[in-house]
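Everything below concerns the one structure shown next.
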Amino acid sequence: MTKEPVKVILWEENQKDFLKKFYDLQFIPRVGEEVYLKKERWKVTRVEHDVEISEINVYMELIKKPKQDKSSNS
């Protein structure tokens, strides 16, 4: 019997398209943890496990960067 690889799908909260798909990640991010993806910081909002099809859905929201004041550079 072969073990099916676990698929981990990263989603942006309230979006229809996934951000990234991985197979057999060593660590699964937990709720509240920060993830660096596509040169941006994301915060995990929820994690759903679907054991029937060996899939884990990780939902995240983008952490907004504080806007820099352009006048402070002069």
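Things worth noting here:
- Among the lysines of the chain, pairs at least eight places apart or on separate chains and with Cα atoms under 20 Å apart come to 24.
- Of the peptides 17-28, 55-66, the order by per-residue mean of other Cβ atoms within 10 Å, starting with the highest, comes out as 55-66, 17-28.
- Contact order relative to length of the chain, as percent, for alpha carbon pairs under 8 angstrom and 6 or more apart: 30
- Shape of the stretch 13-67, Cα gyration tensor, a/c cut at 1.5: prolate
- For the chain, the dipole from Cβ point charges (+1 on Lys and Arg, -1 on Asp and Glu) about the Cα centre works out to 520 debye, to the nearest 20.
Taken together, the values in this text are just the output of simple stated rules run on the coordinates, not laboratory data. In this text, all values refer to a predicted model and were calculated from it rather than measured experimentally. So basically every Cβ, Gly included, is an ideal-geometry build from the backbone, and we count neighbours across all protein chains shown.
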